[in-house]
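Student: Handing you this structure, nothing more for now.
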Amino acid sequence: DNASYYRLLPDDKRYYINDTGTGNTFNLSHARVIQLVTDSLRYWVNELHVDGFRFDLGTILAREPNGFDNQSGFLKACNQDPVLRTVKLIAEPWDCGPGGYQVGGFPPGWAEWNDRYRDTVRDFWKGEAAASELAQRLCASGDLFNHYGRRPWACVNFVTAHDGFTLQDLVSYEQKHNAANGEDNRDGADDNHTWNCGVEGPTDDADTIALRERQKRNLWCALMLAQGAPMISGGDELSRTQLGNNNGYCQDSELSWYHWDLDDRRRGFLDFARRVNGYRKRHPNLHRYAFYDSDPDAVHPDRNIVWFRADGKRMEAKDWEDGGWMRTLGMFLNGMAPEIRSSDGRCVQDKDFLLLLNAHHEPVAFRISYELYHSGWRVAFDTARPYLPVEREAVKRNRIVDMAPRSFVVLSHER
């Protein structure tokens, strides 16, 4: 029943509407098509014990005759279904059709890939993103997702994915190198927001290698310590490279394989990534239950998230307006904020955190504000010193944190 299961050109029904870029588009406006899809999903959950689904070109799921509708029949069917509403439903919220870009447009119960996070964080560590844009992305992009009663986990943050560069290649290449794909390097994205740290591709230069490793740690911390749900591309923790190929779907060769024989450099990054991930898991302040919204019940004056300049003063309106020049920023996370919950939903308290991000190419002396206690701060992570023991080193009495060029420092404070 071709006319029921696929969307056809209204003036010539011999041809398919191609909003997917793969030749045709499933017609989820039809009741029987919805039934087929939901029956299949339930089978995979009940019989195969699948925990959830990520839908490629997810806008297709809610594409009605008049365009995207976040109250479409399929989305409603999932939200009321006693099986499907309990599993993870993740949309890649764009397709190739008109009005296809729908980041933040899905209803409660759905999570979405956030490419705005990806591009902003990549640009920041290159030294190009505005501070105001970065602040939104570190707070689970409330400007995009804080509506309809949604939670921060609806925002799926990612730096890399199966499409595009790996993390290792992200800091090693500025141009795609897809000749091996057989399409004369025409395939794959051209706009990648990458920086090769001064050399295109592999190098033996020790300074370049050290900078690339620090940039990888910066990107990893920005991903794992931002509010929202982090998505890791498999193999990034192993420093996997595709030698600059950003469209390796057609490769079944050493270009796309995982290599488990890690050298000291790769083992060092894997160890750092593990420690950051474990730290995030232990601290609910780093993955809050609700969006930050200047809750009046917060114990800290004014807000439960406060932004600071490197001189220790609070960010003001003019700082955000002129934020295009700012490369150093501090993000205070109050450990007594009401948005902090345990895994079973109870309000809990946690440590205070101060995340210091320096994308400047020179060292920066970051002064901790008088508002944030005179002592007791400890260094949890410093991407310029990856082997520093967690929370062993105390901040000096003068409240100055010496930040290396292009580095990320995480401070914790026990009340």
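The values are calculated or read from the model by the stated rules, or taken from the named source; none is laboratory data. In this text the structure is predicted, and so the values were computed from the model without any measurement. Cβ placement follows ideal geometry from the backbone for every residue including glycine, while neighbour counts extend to all protein chains displayed. We work out accessible area using only protein heavy atoms, side chains counted, and drop any ligands, DNA or RNA first. Shrake-Rupley method; radii C 1.70, N 1.55, O 1.52, S 1.80 Å.
Student: For segment 9-33, name all the residues that are hydroxyl-bearing (Ser, Thr, Tyr) and modelled with pLDDT under 95. Before you say what the answer is, go through the steps one by one.
Tutor: If we filter segment 9-33 for residues that are hydroxyl-bearing (Ser, Thr, Tyr), which is where we start, we get 15-16, 20, 22, 25, 29.
Across segment 9-33, the qualifying residues are Thr20, Thr22, Thr25, Ser29.
Student: Among the numbered criteria (1) in contact with a strand residue (DSSP E or B) (Cβ under 8 Å, 6 or more places away or on another chain); (2) touching a residue at least 40 places away in the same chain (Cβ under 8 Å); (3) assigned to a helix (DSSP H, G or I), which single criterion is violated by Ile34?
Tutor: (1)
Student: Follow-up question, since we're still on this one. Is there a residue in segment 25-40 that is under 30 Å from Ala359 (Cβ atoms) and surrounded by 14 or more Cβ atoms within 10 Å (Cβ to Cβ)? Break it down stepwise before answering.
Tutor: Step one: of segment 25-40, the residues under 30 Å from Ala359 (Cβ atoms) are none.
Among the residues of segment 25-40, not one is under 30 Å from Ala359 (Cβ atoms) and surrounded by 14 or more Cβ atoms within 10 Å (Cβ to Cβ), which makes the answer no.
Student: Tell me yes or no: at least one residue of segment 263-277 is open to solvent by less than 40 Å² (accessible area, probe 1.4 Å) and in contact with a Gly (Cβ under 9 Å, 6 or more places away or on another chain). Explain how you work it out, then say what you get.
Tutor: First, pick out the residues of segment 263-277 that are open to solvent by less than 40 Å² (accessible area, probe 1.4 Å): 268-270, 272-273, 276.
So of that shortlist, the ones also in contact with a Gly (Cβ under 9 Å, 6 or more places away or on another chain) come out as none.
Within segment 263-277 (the criterion being open to solvent by less than 40 Å² (accessible area, probe 1.4 Å) and in contact with a Gly (Cβ under 9 Å, 6 or more places away or on another chain)), the answer is no, since none of the residues qualifies.
Yes/no matrix, rows are residues, columns are (1) modelled with pLDDT of 95 or more; (2) closer than 20 Å to Asp119 by Cα; (3) assigned to a loop (DSSP other than H, G, I, E, B):
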site: Lys216; (1), (2), (3): yes, yes, no
site: Ala222; (1), (2), (3): yes, yes, no
site: Pro296; (1), (2), (3): no, no, yes
site: Asp302; (1), (2), (3): no, no, yes
site: Gly324; (1), (2), (3): no, yes, no
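Student: Could you say which residue among Ser375, Ser369, Ser342 is in contact (Cβ under 8 Å) with a residue 12 or more places away in the chain and open to solvent by 50 Å² or more (accessible area, probe 1.4 Å)?
Tutor: Numbers: Ser369 fails: open to solvent by 50 Å² or more (accessible area, probe 1.4 Å); Ser342 fails: open to solvent by 50 Å² or more (accessible area, probe 1.4 Å).
Sole residue among the options that is in contact (Cβ under 8 Å) with a residue 12 or more places away in the chain and open to solvent by 50 Å² or more (accessible area, probe 1.4 Å): Ser375.
Student: Turning to a different aspect of this structure: Give me the pairs, please: first residue somewhere in segment 150-172 and farther than 30 Å from Glu339 by Cα and part of a loop (DSSP other than H, G, I, E, B), second residue anywhere and of a type in the set (Ser, Thr, Tyr) and open to solvent by 10 Å² or more (accessible area, probe 1.4 Å), beta-carbon distance under 7 Å, and either six or more positions apart or on two chains.
Tutor: Cβ pairs passing all conditions: His162/Ser233; Phe165/Tyr173; Phe165/Thr194; Thr166/Ser233; Thr166/Thr241.
Student: It is to be established whether one or more residues within segment 129-145 are in contact with a strand residue (DSSP E or B) (Cβ under 7 Å, 6 or more places away or on another chain), closer than 26 Å to Asn18 by Cβ and assigned to a strand (DSSP E or B).
Tutor: The answer is no; no qualifying residue exists.
Student: Just name the residue that is most open to solvent (accessible area, probe 1.4 Å) out of those in segment 64-103 that are part of a strand (DSSP E or B) and touching a strand residue (DSSP E or B) at 6+ places or on another chain (Cβ under 9 Å).
Tutor: Quick first cut of segment 64-103, residues part of a strand (DSSP E or B) only: 64, 67-68, 88-91.
With the extra rule that they be touching a strand residue (DSSP E or B) at 6+ places or on another chain (Cβ under 9 Å), the set shrinks to 88-91.
Numbers: Lys88: 133, Leu89: 5, Ile90: 43, Ala91: 0 Å².
It comes out as Lys88.
Student: Test of understanding: among Asp402, Asp382, which residue is buried (at least 20 other Cβ atoms within 10 Å of the Cβ), charged (D, E, K, R) and modelled with pLDDT of 95 or more? Give the steps one after another, and end with the answer.
Tutor: Values: Asp402 fails: buried (at least 20 other Cβ atoms within 10 Å of the Cβ).
The match here is Asp382.
Student: Hey, another quick one. If I go through segment 226-272 residue by residue, how many of them are in a loop (DSSP other than H, G, I, E, B) and of a type in the set (D, E, K, R)?
Tutor: Narrowing segment 226-272 to residues in a loop (DSSP other than H, G, I, E, B): 226, 228, 232-235, 239-247, 251-263.
Imposing the further condition that a residue be of a type in the set (D, E, K, R) reduces the set to 240, 252, 254, 261, 263.
Looking only at that region, the number is 5.
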